[in-house]
1. Residues of segment A:43-56 being within 7 Å of chain B (Cβ to nearest Cβ) and in a helix (DSSP H, G or I), which ones?
2. Kindly provide the set of residues from segment A:117-136 that are of a type in the set (D, E) and without any contact (Cβ under 8 Å) to a residue 24 or more places away in the chain, ordered by number.
3. Looking at (1) within 14 Å of chain B (Cβ to nearest Cβ); (2) of a type outside the set (K, R); (3) assigned to a helix (DSSP H, G or I), which one does A:Q109 not meet, given that it meets all the others?
4. Answer yes if at least one residue in segment B:202-212 is assigned to a helix (DSSP H, G or I), closer than 27 Å to B:V552 by Cβ and modelled with pLDDT under 95, and no otherwise.
5. Tell me, which residue of segment B:316-334 that is without any contact (Cβ under 8 Å) to a residue 40 or more places away in the chain and under 29 Å from the mean Cα position of the chain (by Cα) is surrounded by the fewest Cβ atoms within 10 Å (Cβ to Cβ)?
6. Taking the residues in segment B:1-15 that are more than 13 Å from chain A (Cβ to nearest Cβ) and exposed (fewer than 10 other Cβ atoms within 10 Å of the Cβ) as candidates, determine which candidate is modelled with the lowest pLDDT.
7. Can you name every residue in segment B:227-242 that is surrounded by fewer than 24 Cβ atoms within 10 Å (Cβ to Cβ) and facing chain A (nearest Cβ under 8 Å)?
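The values are calculated or read from the model by the stated rules, or taken from the named source; none is laboratory data. These numbers were taken from a predicted model, which means no experiment stands behind them. Note: ideal-geometry Cβ built from the backbone for every residue, glycine included; neighbour counts use all protein chains shown.
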Amino acid sequence: MSLSAAYVALLTGVVVWALLVRRLRARPWEAQLVSGGGDATGMKMPAAKVGLWIFLAVITSLFALFMSAYAMRMGHGHGGDVHDWHPLAEPGVLWLNTGLLIVASVAMQWARMNVARGNEKRTHDALLMGGLLALAFIGGQLFAWQQLRASVAFTPRDPALAFFYLLTAVHGVHLLGGLVVWARTLVRMRRKDVELIDVRLSVELCAVYWHYLLLIWLALFTLMLTT
Amino acid sequence: MSFVAIADRDHEHALHDPQTFIRKYIWSQDHKVIAVQYGIVAISIGLVALVMSVLMRLQLGFPHVFSLIAPDDYYQYITMHGMIMVIYLLTALFLGGFGNYLIPLMCGSRDMVFPYMNMLSFWFYLVAVLMLVAGFFVPGGPTGAGWTLYPPQSILPGTPGASWGIICMLASLAIFIIAFTMGGLNYVTTVLQARCKGMTLMRMPLTVWGIFMASILGLLAFPALFVSAIMMTLDAVVGTSFFLPAISSMGEVIPHSGGSPLLFQHLFWFFGHPEVYIVALPAFGIVSDLLSTHARRNIFGYRMMVWAILAIGCLSFVVWAHHMYVSGMNPYFGFFFATTTLIIAVPTAIKVYNWVLTIWRGDVHLTVPMLFAIGFIFTFVNGGLTGLFLGNVTVDVPLSGTYFVVAHFHMVMGVSPILVVFGAIYHWYPKITGRMLDDTLGKIHFWCTFLGTYAIYLPMHYMGILGVPRRYYAYSSAIDFIPPSVQFANRWITISALFVATVQLVFLFNLVWSYFRGRPSGDNPWRSTTLEWQTTDTPPKHGNWGKDLPVVHRWAYDYSVPGAEQDFTPQNEPPSAQAPLTHDHGAQT
C-alpha cells in the first residue's frame, strides 16, 4: 500500500505544483484584466489529450494498487506459518511477447512521426503494423496462459500463478480497449472524406497509449521475473 | 498543430438541438438531462435504502412486536443500506447529479467536453444499480456481509448471500466504477479545459472546486475498490487464495490457503477513506456557495478555502488505516495514522471557521437552502468532534464496533451531506425547472429532518459509550452490561426514525407539486452572482448560453460590494461605476 500511497502523493504533488500553484496565488477579488483565451480557458492542449493523460493516471493508480496487493500477498506468503509463495517459472514466450510489444510501440511512434510530416501512406502502414503487433502480443499472452495451464503445478490456489493470470488479463483488457480506438482510427483513415489532419490527434493519442501500456507491461514483467 | 482553446473556438460550435423525444430525454448527451437522470435514479435507489433502514429500526425498537424481518434479512438490509447510501446515492448524486448540472453552467461552457462518454456514464450507472437490485432476486438474496464486505465471511456459507448475492454486489461495484471513471474524466477535463474567457481557476465558485477535487479523488481511489472487487470475485468463483486463509467453515476445511484478509481491508479502506471526502468535498463546496449567497456576503478566506480543499484531498489518501485499529495490523501503523488523522482535522476546521465567519454579521436570509446550510455546520461539527475520539487509537479501541461509531459516521457523512443535498436541491431547483419549491413545506421539511436526526443519533452516542455493540439483530437480556435504558433509547430512536422517514414524503410531494404548480422563479431568484443564474433561459436550453459564451470579469463572491447599485454583481458584469470590484473600495476579505 505504501507504493500506492507514494504514487498518489507524487501525483497530487505534481498536479498542485505544475498546474495550480502559479494560479492559486491570484487574488480573485482584485481587478484583473480579462485575458483573451489562453490562460483563462484551460491548458494549451486538446481536451482529448488532457482526458487521455488523466485516464493514464487512473490506470497507473490501478496497476500500482495491483502491484501493492502483489507485494503484500507475497510478504504474507513468506512470513509466519504461511509459506505458500512459490516463484513462478515464467514461460519463455513472454520474452517474445515483450519484444512484440516493444516493436508495436516503435511502429506507433513511427506512425506518429509520419502523421506529423503528412505522409498518409506511411502513417497508415505504421499504424496498421502497430495494431497488428499488439494483437500478436495478446495472442502470445494467451499462448503463455495455455502453457501454464498445461503445467503440472497449475492450481488457482498458487498466489504467484493467480497473480500472473490476473495481471496479464487486466493489462490485456486495457490493450484491447486501445485496439478498439485503433480500429476506429484505421477505418476513419480509409474513408474518402477524411483527411490525414482529421486523424492526427487519434494517431498521436494511440501512440501515447501504446507507449504507456508498454511501460506498464515492463513494470509487471520485471516484478514477476524478480519475485 | 497549433491548438485553440475551447472557449475561443466557440463560433465553430453548431448547436444541434436534439429533436426527437428519445434523443432529448433518454439517449441524451446534454449534461443537464444526464444530471437529472442521475438524480432521479440516485434518489429512487436511496428511497429503497431508506425503507430498509425503517425495517431495521422497527426490529431494533420493538424486537418482539414486529416480525417483519428475520436475522438474515437484517444483515442484508444493513449491507445494502450502507452501500446504497454511500455509493449509489451520495457519490452518484453529488458527482453525477450536481457535478453534471453545475460544472458546465458554473464554468461557462456549453456542455461537458466528452458528451457521448457522459451519456455512457449514466447508462453504466443505471446498469450498476440494476445489478445491485438484482441481488434481491437471486437465490439466497443480497449479500449480508456488512457494507465493508470483509472476507473471509463475505464469501463463506453462513453469511446471507454468500453465493450469488456477493457476486451481484461485486459486479455492480465494478460497473459503477467504470461508470464513475467515464464521468470523472469528463468532470476533471471540463474544469481544466472548457472554462469560458475570464474564468480563471481562482474565480471558480467553491462548488466547482469541491466537485473537481472529489472527482480527482474518485478517479484515484475507486481503482482500489475495483482491485479488491476483482480479486474477491476470483476468490469466490475460481478458487484463488488472495484473501482467504486456510480455515474451516461449517466443519469443513475450505479449499483455500494462505490468503490475507488484512490485504482486503487495506485495499478497501484505501478506497473507503477517500470516499468519505468524495462525498464531503462537494458538500463543502456547495455549502460555501449557499452560505455566501444567502448571507449576502463574500466567502471568508476564499484562497484558504481552495487550499483547504486541496490539502484535504491529498491528506485523505494517508489516513485509511484509522478504520483498522483493531484489525491486528502493526501497532506502529496506528500511531502514524492517528497523527495524520489529527492533521487532516486542521484544514477541515479552517473551513468550518470560514463558514461561520462568512455568515457572521452578514445579511442572513433564513431561506430554506440557508437553513439546511446552517444545519449542516452544526451537524458536521458534532460529527467531526466525535471523530476526534475515534481517530485516537486508545480511545477508539473500546469504542470500536459500538453504536458510537454508528452515531459518528451517520452524523458526519450521512446526515451532513444529505442536509447539503437538500439545501442544494432547494437552491437549484428553480434553475432546473423554472419554478420555486414551496417555502412553507420546505421549512417544515427542514425543521423536522434536522431536529429528528438529532433525536435519532444523540442517544446512539450514549449507547455507544455504554458499549452496546452494533450490527446486532436483537439484544438478549443475557447481556448483563446493557441496562434497560438502552431498550428505551432504541424505542425512542425507532419512533424518531419513522417520523423523519415520513417527513421525507413532504419533500417528495413538494418536488412533484412545485414542478407543476410552483411559483415561477425567473432567471435569478436568489439574486446570485454565479454564472448558472445568468443564462438567458430558465431552464437553460441545449448549449446553455444562446449565441455567445459569457465572459467573466470577477470572482464569484461580489455580494454587498460598497458603492454597487445592487447587493450582488454577477460574474459576467464588467467593472463600472455601478458595479465596482470589491478591491476598488478597499473592502477587506
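1. The initial filter retains those residues of segment A:43-56 that are within 7 Å of chain B (Cβ to nearest Cβ), namely A:43-47, A:50-51, A:54-55.
Once the filter is applied, which keeps residues that are within 7 Å of chain B (Cβ to nearest Cβ) and in a helix (DSSP H, G or I), segment A:43-56 yields A:A47, A:V50, A:G51, A:I54, A:F55.
2. Step one: list which residues in segment A:117-136 are of a type in the set (D, E), which gives A:120, A:125.
Listed by number, the list holds a single entry, A:D125.
3. (1)
4. Here is the first cut: in segment B:202-212, the residues assigned to a helix (DSSP H, G or I) are B:202-203, B:206-212.
Next, from what is left, pick out any that are closer than 27 Å to B:V552 by Cβ: B:202-203, B:206-212.
From what's left, modelled with pLDDT under 95: B:202-203.
Yes, segment B:202-212 contains at least one residue that is assigned to a helix (DSSP H, G or I), closer than 27 Å to B:V552 by Cβ and modelled with pLDDT under 95.
5. B:F333
6. So the residue we want is B:A14.
7. Selection gives B:I230, B:L234, B:V238, B:G239.
This table checks each residue for (1) modelled with pLDDT of 90 or more; (2) within 26 Å of the chain's Cα centre (by Cα); (3) closer than 15 Å to B:F404 by Cα.
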residue: B:G452; (1), (2), (3): yes, yes, no
residue: B:P459; (1), (2), (3): yes, yes, yes
residue: B:A474; (1), (2), (3): no, no, no
residue: B:F481; (1), (2), (3): no, no, no
residue: B:Q487; (1), (2), (3): yes, no, no
residue: B:R491; (1), (2), (3): yes, no, no
residue: B:F509; (1), (2), (3): yes, yes, no
residue: B:Y515; (1), (2), (3): yes, yes, no
residue: B:S521; (1), (2), (3): yes, no, no
